[in-house]
1. Is it the case that Trp276 is among the hydrophobic types (A, V, I, L, M, F, W, C) and over 18 Å from Asn207 (Cα atoms)?
2. Here is a check on your reading of the model: is Lys238 farther than 19 Å from Phe71 by Cα, over 21 Å from the mean Cα position of the chain (by Cα), at pLDDT below 95 and open to solvent by 60 Å² or more (accessible area, probe 1.4 Å)?
3. Within the range 119-146, track down each residue that is surrounded by 17 or more Cβ atoms within 10 Å (Cβ to Cβ) and of a type in the set (A, V, I, L, M).
4. Among the residues in the range 344-362, are any exposed (fewer than 14 other Cβ atoms within 10 Å of the Cβ), in contact (Cβ under 8 Å) with a residue 24 or more places away in the chain and in contact with a helix residue (DSSP H, G or I) (Cβ under 6 Å, 6 or more places away or on another chain)?
5. Before we move on, is His325 in a loop (DSSP other than H, G, I, E, B) and closer than 24 Å to Tyr383 by Cα?
6. Take Leu163 and tell me if it is touching a residue at least 12 places away in the same chain (Cβ under 8 Å), open to solvent by 30 Å² or more (accessible area, probe 1.4 Å) and assigned to a helix (DSSP H, G or I).
7. Taking the range 269-303, which residues are under 18 Å from Pro321 (Cβ atoms) and open to solvent by less than 50 Å² (accessible area, probe 1.4 Å)?
8. List every residue pair whose Cβ atoms lie under 8 Å apart, where the two residues are 6 or more positions apart in sequence or sit on different chains, the first residue falls within the range 183-200 and is open to solvent by 30 Å² or more (accessible area, probe 1.4 Å), and the second residue, located anywhere, is not in a helix (DSSP H, G or I).
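The values are calculated or read from the model by the stated rules, or taken from the named source; none is laboratory data. Just so it is clear, the model here is predicted, and its values are computed rather than measured. So basically every Cβ, Gly included, is an ideal-geometry build from the backbone, and we count neighbours across all protein chains shown. Ligands, DNA and RNA are stripped out before the accessible areas are found, and what is left, the full protein with its side chains, is counted by its heavy atoms. Shrake-Rupley method; radii C 1.70, N 1.55, O 1.52, S 1.80 Å.
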Amino acid sequence: MQRDTGAGDRTPGTPSPTHGGRLRHRKRSNEVPSDVNTANGANLLLNDQNKYKSMLVRTYSSLWMMAGVVFLIYMGHLYIWAMVVVVQIFMAKELFNLLRKANEDRQLPGFRMLNWHFFFTAMLFTYGRFLSRQLVNTVTSDKLLYKLVSRLIKYQMFICYFLYIAGFVWFIITLKKKAYKYQFSQYAWTHMILLMVFAQSSFTVANIFDGIFWFLFPASLIAINDVAAYFFGFFFGKTPLIKLSPKKTWEGFIGASVTTLLSAFVLANFMGHFQWLTCPRKDLSTGWLHCDPGPMFTPESYDLPGWIPQWFPWREIAVMPVQWHALALGLFASIIAPFGGFFASGFKRAFKFKDFGDSIPGHGGFTDRMDCQMVMAVFAYIYYQSFVMVQDLSVETILEQILRNLTFEEQHELYEQLGKLLVRAN
């Protein structure tokens, strides 16, 4: 009697044979479970909400900063200089803290003060060189102050060098055996901050006293370029620009460049009509300014070419010479200055942190906002000195040389000799 070899005799768990000895597998569905779709949708919605929330916070912070800058510009040159100094102090604080190690600092009491000693020594040297002329013009009416200031200006370089050497000796004396590497790295870091940050941003002050225009206009171009790059990248950005900064896109870069150039030409014309912005400040007072705008801010007429349609309402246009210079500044602000931001991005990636600080909501720290501004400030100063400023002798220049190179007795003798010459001339 034959046994039935059907399903009842198969060992439990053994798959049933099919035709051809192959196993039949159940077809799997390609549909994603509804709970997974729901979770992904919630995450995308959350990311979009965070993205727009970040944009709003950044916008509000920008508006508050703009309002503060406008108020300080209304107050005058001295207040703008004070703002620059405050920004420099915050930037220095952020950068000093980057490589700070609390355990090491506890073993080195007073070592942190050494950074600030070098910082304020650099401030005294830099601003003493930039603002000596304005300082002299401020105190000429007071004989005692004039004599004191003339002495300080004459020996300012020696005083600053002595302060630096005092800091150098202080550093050597405080060296400790188990902290050599940390102390020397902090010493090098401090000097890099002074060179890369303070020295560059200090050119801003020279621009301020040459005329607020030469401070505000370059700074505005950087702000315009930054805002335009952000919005073009936010809405149209698809193609990555540089690996150092993954959020930067070619669409944002090109859109910001075009916007910055057009804005530069128009904004220069608008700012050029205000004497408060175009007049240089020759002292440290805060009074209202009146001056001859000079040829740089005097409109010149240009006839439009013949191919312009007849229905066009203007046959000529008025352009200030400064508007042509504005295009050069706009080109630099849109193409070269952003590399200051790329440098900062690479630096942050090297040390694995997102922002230099959190002082400004939505923006990070002061250093995050000033990276491109520092590059632009140096270029604006060099461009003004090379292509805009009239190279001639002035009373202020001669007076500054007299104060730096002649003693008080020699200055008095020069005064008497000039008096005699003027009497003879009359």
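1. For Trp276, the condition - among the hydrophobic types (A, V, I, L, M, F, W, C) and over 18 Å from Asn207 (Cα atoms) - is not met.
2. yes
3. Ala122, Met123, Leu131, Leu135, Val136, Val139
4. yes
5. For His325, the condition - in a loop (DSSP other than H, G, I, E, B) and closer than 24 Å to Tyr383 by Cα - is not met.
6. Yes.
7. Asn269, Met271, Gly272, Leu277, Thr278, Cys279, Cys291, Gly294, Met296, Phe297
8. Ser185/Leu99
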